[in-house]
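The values are calculated or read from the model by the stated rules, or taken from the named source; none is laboratory data. From a predicted model like this one, the values you see are computed outputs, not experimental measurements. Heads up, the Cβs are rebuilt from the backbone with ideal geometry, glycines too, and the neighbour counts pull from every protein chain shown.
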Amino acid sequence: MSLQIYNTLTRKKEEFKPVNEGEVGMYVCGPTVYGDSHIGHAKSYVSFDVIYRHLRYLGYPVLYIQNITDVGHLTDDADEGEDKIEVEARKRKLQPMAIVERYTRSYFEDMDRLNILRPDISPRATGHIIEQIEIIKSLIEKGYAYEINGSVYFSIEKFRDYGKLSGRSLDEMIAGVRVDSKSEKRHPADFALWKKAEPEHIMKWQSPWGEGYPGWHIECSAMSMKYLGEHFDIHGGGIENQFPHHECEIAQSEAATEKPFAKYWMHNNMVTVSGQKMGKSLGNFVTLKDAFEQFHPLIIRFFILQSHYRSPLDFSNEALAAAKKGYDRLVNTVLVLRQRIDLNQNGDAVPIDPETYKSKMIDAMNDDFNSPQTIAHLFDLSREVNQYLNDGKQYSTSSLQKIEELFLEFGNTVLGIIPDSIEMTSTINGAIDADLIQLLIDVRQEARKQKQFALSDMIRDRLKELGVLLEDTREGTNWKRTK
RNA sequence: GGCGCCGUACCCAAGUGGUAAGGGAGAGGUCUGCAAAACCUUUAUGCGGCGGUUCGAAUCCGCCCGGCGCCUCCA
């Protein structure tokens with residue numbers, strides 16, 4: 001089966017056909033860096049990371065752009081609020097760029113721990129003011145935008161297709177928009193491309209309309225088109241940005257270029273916390289740094305990928321604890337497999353056909369990136385492998401290696417959940433540790449031979465307290481880290 | 001109020017026309033000095049409810065009930 005992608009624009013799955021043979025362009029709305037990232041960010045960026053990884057796995061050269069919003073995202077989308085970063089800067093008595101720097105670093109830290117591949121380019125909005133101004137100028141020239149008192153607004157009535165992404169009509173928009181008599185907009189649903197800066201405003205730039213700053217939507221049009229061209233493959237983001245953010249992006253981009261903007265629009269669903277939406281005002285935020293205290297980042301990643309990216313995901317400690325057990329089971333199989341490979345035994349090939357699994361997993365991923373289905377196949381594989389590893393027979397090392405490669409191909413390369421090495425899931429490191437543990441295992445083995453079980457159990461118990469779990473098998477004692 | 005999504009076992013969660021994946025939890029068993037891990041068996045004649053289309057529906061259509069999202073900041 002060829003790759004099928006659910007396109008929000010058409011509301012159905014479509015076969016993926018790249019705009020250009022040479023390269024796939026993918027743009028995903030990045031974070032506004034005014035606070036620590038939360039589990040909602042994790043779901044979004046893990047989802048698109050897997051999409052990026054799978055496209056690369058299929059052999060597409062992908063150029064992945066994810067912006068950093070460091071200006072223009074207002075606290076109120078009626079274009080009347082303050083800039084989120086300035087608000088935070090004032091609160092902390094820091095310069096806005098210090099806030100931006102701090103939370104950009106924090107963001108990448110968290111994303112790295114989640115084993116998310118860095119985008120190829122992480123452009124900042126403030127670094128692309130000129131590009132944004134150019135688009136706005138062209139929109140004014142073409143009659144799609146108008147200037148009033150140093151601000152520029154996009155006139156949605158001029159753009160016939162406004163509403164095509166979110167399925168809204170202009171009439172609905174008028175009904176839905178907050179009535180504000182003070183507004184200088186011609187139509188209540190018009191949106192700001194450029195805002196005049198008041199004297200006390202810190203982040204501002206010179207423009208043909210005086211000192212000001214860009215609106216939120218325009219940065220994504222400017223940066224996506226700068227790096228990917230006017231018509232490119234995939235534009236992604238959270239479903240809550242479908243309207244108004246992405247709708248506005250389409251309007252301003254297509255009006256400016258007179259070409260279709262992104263070909264496939266992809267939206268990931270939201271995270272709820274114990275059944276409720278996670279929101280600033282609700283105060284039920286779970287930051288990633290907090291979540292990582294309780295659960296290893298890869299478990300959180302696994303938990304996210306156990307549901308589909310377009311499904312909502314409910315975050316709770318119980319659900320995470322259940323995911324951890326399943327995750328451990330999967331990783332345990334790989335650990336045991338590796339330990340068996342290290343023994344370098346001879347024997348028949350393991351009677352598992354990697355190609356059957358491989359094609360099932362590719363099909364699952366090709367079906368709109370169905371990671372839960374792919375994980376289910378990994379569990380099937382895991383159970384079958386465990387059967388053979390437990391049957392007392394010896395199998396050829398090369399056939400075991402083929403199985404390990406299969407685990408890595410999908411568990412690591414595509415899904416990014418299974419680590420390359422044991423150390424990756426551990427907080428303790430170092431070869432000396434491993435050698436010392438092996439020494440204790442050997443001593444304990446000797447004690448067991450002599451039936452000194454009190455001593456052998458003590459070694460096992462004390463090691464467990466230190467975060468090292470021993471498991472006796474026919475082939476000897478295996479160990480793994482639990483902290 | 002407008003637009004849209006969802007409702008699958010005790011919990012989480014795939015499946016969108018061909019007779020219900022997977023994980024967790026529970027029960028029984030095998031292995032083991034014990035434990036842990038692993039494996040085996042078992043847990044939905046049924047997919048919110050009621051109608052309809054069809055040889056056939058969890059999947060398509062209609063109505064009803066329940067939950068959620070967007071329309072205000074959000075990934």
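Among the residues of region A:342-362, what is the count of those that are more than 12 Å from A:Phe410 (Cβ to Cβ) and either surrounded by fewer than 16 Cβ atoms within 10 Å (Cβ to Cβ) or near RNA strand B (Cβ under 8 Å from one of its atoms) (or both)?
Count: 12.
Condition (residue is in contact with a strand residue (DSSP E or B) (Cβ under 6 Å, 6 or more places away or on another chain) and modelled with pLDDT under 90) applied to region A:421-429: is it met by at least one residue?
yes
For the condition within 19 Å of the chain's Cα centre (by Cα) and without any contact (Cβ under 8 Å) to a residue 24 or more places away in the chain, what is the one hit in A:Gln373, A:Gln306, A:Gln387?
That would be A:Gln373, the only listed residue that is within 19 Å of the chain's Cα centre (by Cα) and without any contact (Cβ under 8 Å) to a residue 24 or more places away in the chain.
Given (1) surrounded by fewer than 22 Cβ atoms within 10 Å (Cβ to Cβ); (2) more than 25 Å from A:Phe303 (Cα to Cα), identify the lone condition not met by A:His41.
A:His41 satisfies all of (1) surrounded by fewer than 22 Cβ atoms within 10 Å (Cβ to Cβ); (2) more than 25 Å from A:Phe303 (Cα to Cα) except (2).
Got a sec? Which of A:Gly127, A:Gly163, A:Gly150, A:Gly143 is of a type in the set (Gly, Ala, Ser), under 30 Å from the mean Cα position of the chain (by Cα) and on the phi > 0 side of the Ramachandran plot?
Of A:Gly127, A:Gly163, A:Gly150, A:Gly143, the one residue that is of a type in the set (Gly, Ala, Ser), under 30 Å from the mean Cα position of the chain (by Cα) and on the phi > 0 side of the Ramachandran plot is A:Gly163.
Part of a helix (DSSP H, G or I), touching a residue at least 12 places away in the same chain (Cβ under 8 Å), among the β-branched types (Val, Ile, Thr) and touching a His at 6+ places or on another chain (Cβ under 8 Å), is that true of A:Ile85?
It is true that A:Ile85 is part of a helix (DSSP H, G or I), touching a residue at least 12 places away in the same chain (Cβ under 8 Å), among the β-branched types (Val, Ile, Thr) and touching a His at 6+ places or on another chain (Cβ under 8 Å).
From A:Lys464, A:Lys451, which residue is in a helix (DSSP H, G or I) and modelled with pLDDT of 85 or more?
A:Lys464
Could you pull out the residue among A:Ser382, A:Ser456 that is near RNA strand B (Cβ under 9 Å from one of its atoms), at pLDDT 90 or above, buried (at least 16 other Cβ atoms within 10 Å of the Cβ) and not assigned by TED's automatic domain parsing to the domain that holds A:Leu313?
After applying the criteria, what remains is A:Ser456.
In region A:266-303, which residue that is among the aromatic types (Phe, Trp, Tyr) and over 16 Å from the mean Cα position of the chain (by Cα) is nearest to A:His245 (Cα to Cα)?
If we take residues in region A:266-303 being among the aromatic types (Phe, Trp, Tyr) and over 16 Å from the mean Cα position of the chain (by Cα), then A:Phe285 is nearest to A:His245 (Cα to Cα).
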